[in-house]
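The next block holds one structure in the form of structure tokens; read it before the comments.
The values are calculated or read from the model by the stated rules, or taken from the named source; none is laboratory data. Keep in mind it's a predicted model, so treat the numbers as computed, not measured. Because the Cβ atoms are built from the backbone with ideal geometry, glycine has one as well, and the counts that use them run over all protein chains shown. Ligands, DNA and RNA are stripped out before the accessible areas are found, and what is left, the full protein with its side chains, is counted by its heavy atoms. Shrake-Rupley method; radii C 1.70, N 1.55, O 1.52, S 1.80 Å.
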Amino acid sequence: MSGPRHYCGVVGINAGHNVVADLQKALMIIQHRGQDSAGVSVFDGNVINTVKDAGLVQIALPKERIENIQGQVGIGHVRYATTGGKGAMNAQPMTMTTVFGMIALAHNGDLTNYQKLKTVYMGQGAVFQTDSDTELIINLLSRRMGQDQDPVKAIKAVMSEIDGAYALALMINGRLFGIRDPLGIRPLIIGKLDDGYMICSESSAVYSLGGEIVRDVMPGEVVEITQDSFKSYAPTTRCAYAHCFFEWVYFARPDSIIDGCEVYNVRKNIGRVLAREHPADVDLVMPIPDSGRAHAIGFSIESGIPYEEGFMKNRFADRTFIMPDQATREKAVSNKMIPIKSTVDGKRILIIDDSIVRGTTLKKLVHMLRDAGAKEVHVRVGSPPIIAPCFYGIDMKNREQFIANKHTVDEIREIIGADSLGYISIEGVIEAIGLSGSDLCLACVNAKYPTKIEGEEHRYQTRLTDLK
Ligand code: AMP
């Protein structure tokens, strides 16, 4: 699959006041979902105006630019570029002017039949300016709106064509919609504000605006968000869900509640399960900040082993995960994390990270702890071994990248230089989340995909057309 992958966050607000500042604030709360570009689009009663640019929210949306636009209904987006370039060109919301007005769209997820559909529509004369599946969705919507003149009918028709993961904030002129793919792979939640309603990738943004959570958008559901309420256009049959388990393990904020399960609590449960599945005789438990923190607290509570902070993270360091080669990534890890010598020196330490992908981070950190005087370093991991690519919007693209594909657990222990290594089991992570395993997407750890992907095993195929 080519094209920019969307490892992103979306928001949409309809309220009785100018929502630009609230959109900006919500985007800052979900900034962890994307740091490469940010944007907002608002409807001023006549047209949709957009401000978007490369960079963090505060840089992409400076005061002097956003005070020039206003509207009581709007959407916003933060983007995490993985392929397809970082710049302003790929920033969202994406907008299009059509015969019936303007469309603005913010997308989190990846369409799995993007290339196929694009080829078909290009064959019929459609023109595409980017490699983005968001443009394809807008294009399809515009065509359908031309045929049906009815936004909801058009959205449903597009949903029955596209496959994969999508959580969308969509504006058609001044009408605001939230849309979640039929499997609910990526999160989307509805919130109530003092004088309006909103949708967002994560509930923490609802709280930050003084609002209350109403409920998650259901898989396959379209909700129209108005100032006074919201209207649901849901599929009549419940389909099998496939919520991405990695949202809880790593991606989402700890204070967010996704599909009824609080991320912090799930991470703590993961630590507890790890303490039962892989106990250790050590002096202290230490997190790899920030994502391993709640995991380590859970391990400490369950095992009774003291919890200590032994790494300080430089918050302003660059992202190591997407750096081009191993040497650069390893160097960047040591710029990012510094051990606290007094915590570590002479101790038997257990560290917990949320996941191992290539093994770069842990290899470097274990060595740094030994250099800082640690007597033993034991490693526990909050996700089962990652063995298969994600086609639904998390940046884990090819099998060669995964250390667990080439090595046994003991070999990985040896490579990262740990005294012991234990991954949580698949059953363990399901128990920690508390949903049924059949309602989770675990494809990156069990290689069974919830939708049909060429050359891969799939456990079920749900298209909207199957749900009648
Ligand atoms: P690695 O160093 O390649 O083993 O990557 C694992 C580390 O990167 C862990 O500390 C995770 O917190 C983080 N991580 C895991 N998956 C991703 C991802 N898709 N994008 C960015 N960081 C990630």
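If a residue has to be of a type in the set (G, A, S) and in contact with a helix residue (DSSP H, G or I) (Cβ under 9 Å, 6 or more places away or on another chain) to count, how many in segment 132-182 make the cut?
7
Which condition does T360 not pass, out of (1) within 21 Å of K336 (Cβ to Cβ); (2) in contact with a Lys or Arg (Cβ under 6 Å, 6 or more places away or on another chain); (3) modelled with pLDDT of 95 or more; (4) surrounded by fewer than 22 Cβ atoms within 10 Å (Cβ to Cβ), if it passes all the others?
Just one mismatch for T360, condition (3).
The rows are residues; the columns are (1) farther than 25 Å from A242 by Cα; (2) among the acidic types (D, E); (3) open to solvent by less than 10 Å² (accessible area, probe 1.4 Å); (4) not assigned by TED's automatic domain parsing to the domain that holds H77.
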residue	(1), (2), (3), (4)
V99	yes, no, no, no
D110	no, yes, yes, no
K116	no, no, no, no
T119	yes, no, no, no
Q124	yes, no, no, no
Q147	yes, no, no, no
K156	no, no, no, no
D163	no, yes, no, no
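Report yes if I213 is part of a strand (DSSP E or B), surrounded by fewer than 24 Cβ atoms within 10 Å (Cβ to Cβ) and not acidic (D, E), otherwise no.
Judged against the criteria, I213 is a match.
Only one residue in P279, P254 is assigned to a loop (DSSP other than H, G, I, E, B), open to solvent by 10 Å² or more (accessible area, probe 1.4 Å), more than 26 Å from S334 (Cα to Cα) and not aliphatic (A, V, I, L, M). Which one?
P279
When residues of segment 3-30 are filtered for being modelled with pLDDT of 95 or more, open to solvent by 10 Å² or more (accessible area, probe 1.4 Å) and within 17 Å of the chain's Cα centre (by Cα), how many remain?
2
Would you check if there is a residue in segment 454-466 being assigned to a helix (DSSP H, G or I) and either surrounded by 16 or more Cβ atoms within 10 Å (Cβ to Cβ) or among the hydrophobic types (A, V, I, L, M, F, W, C) (or both)?
Yes, the conditions are met somewhere in segment 454-466.
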